[in-house]
Structures are given as structure tokens and as C-alpha cells.
Amino acid sequence: MPKISVLMSVYSESEYEIIDSVNSIIQQDFTDFEFIIVNDNPDREDLVEILRRINSTDSRIKIITNDKNIGLAMSLN
């Protein structure tokens, strides 16, 4: 079991912003973590594809997709 969990929610960010944010976390010196990314915009097909590609790059990444937009606070909860 990982020592910590890192949470990030995405909604309308660009592909560049998402990838830059993910890389910032993944490249940390501390590596014993799980990285949970919550997709709060399941209707945005390009976002689903971006997250699918990101998920395949690192086994520590877990993607959770909300059924509908519920906002940042609820997504992180």
C-alpha cells in the first residue's frame, strides 16, 4: 500500500496543463504514492482520451470518472 495519495481533479484544463501537472507529480523524488485523477467532465471526449493515455504511462496513476460534473470540492472528497 502506498504511503500517500495525491489527488487531482480535472474539468476544463488544456491537454498541456494536464500533462504538465501530471509530470510535476510523477517526477518527484518521493515515489511511494498513488496518484488519483478525478475526471469531473465525463462528457468531454478529448479529456477521456488524454486521461486514458496518461493512465497507461504509470501504474501509480488511477483514474476516477464522475457520472456528471459535481464540482471540485465534491470530486476531491
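If only one of 5, 56 is in contact (Cβ under 8 Å) with a residue 12 or more places away in the chain and among the hydroxyl-bearing types (Ser, Thr, Tyr), which one is it?
When all the criteria are applied, what remains is 5.
Whether any residue in the range 16-34 is among the hydrophobic types (A, V, I, L, M, F, W, C), under 15 Å from residue 75 (Cα atoms) and without any contact (Cβ under 8 Å) to a residue 60 or more places away in the chain is what I want to check. Checked against the condition, which is being among the hydrophobic types (A, V, I, L, M, F, W, C), under 15 Å from residue 75 (Cα atoms) and without any contact (Cβ under 8 Å) to a residue 60 or more places away in the chain, the range 16-34 yields no hits at all.
State which residue is most open to solvent (accessible area, probe 1.4 Å) when the search covers only the range 20-38 and only residues that are more than 24 Å from residue 71 (Cα to Cα) and acidic (Asp, Glu).
The residue in question is 29.
Restricting the range 54-77 to residues that are part of a helix (DSSP H, G or I) and within 17 Å of residue 15 (Cα to Cα), the residue that is least open to solvent (accessible area, probe 1.4 Å) is 54. Pairing residues of the range 37-51 that are more than 11 Å from residue 63 (Cβ to Cβ) with residues that are charged (D, E, K, R), at Cβ distances under 6 Å and at least 6 apart in sequence or on separate chains, gives no pairs at all. Taking the numbered list (1) in a loop (DSSP other than H, G, I, E, B); (2) surrounded by fewer than 12 Cβ atoms within 10 Å (Cβ to Cβ) in turn, residue 17 passes all entries but (1). When we screen 51, 47, 7 for residues that are hydrophobic (A, V, I, L, M, F, W, C) and open to solvent by 40 Å² or more (accessible area, probe 1.4 Å), the only hit is 7.
The values are calculated or read from the model by the stated rules, or taken from the named source; none is laboratory data. Predicted, not measured: the structure shown is a model, and the values here were computed from it. Positions of Cβ are backbone-derived with ideal geometry, glycine not excepted, and every protein chain shown enters the neighbour counts. Surface accessibility is based on the protein's heavy atoms, side chains included, excluding ligands, DNA and RNA. Shrake-Rupley method; radii C 1.70, N 1.55, O 1.52, S 1.80 Å.
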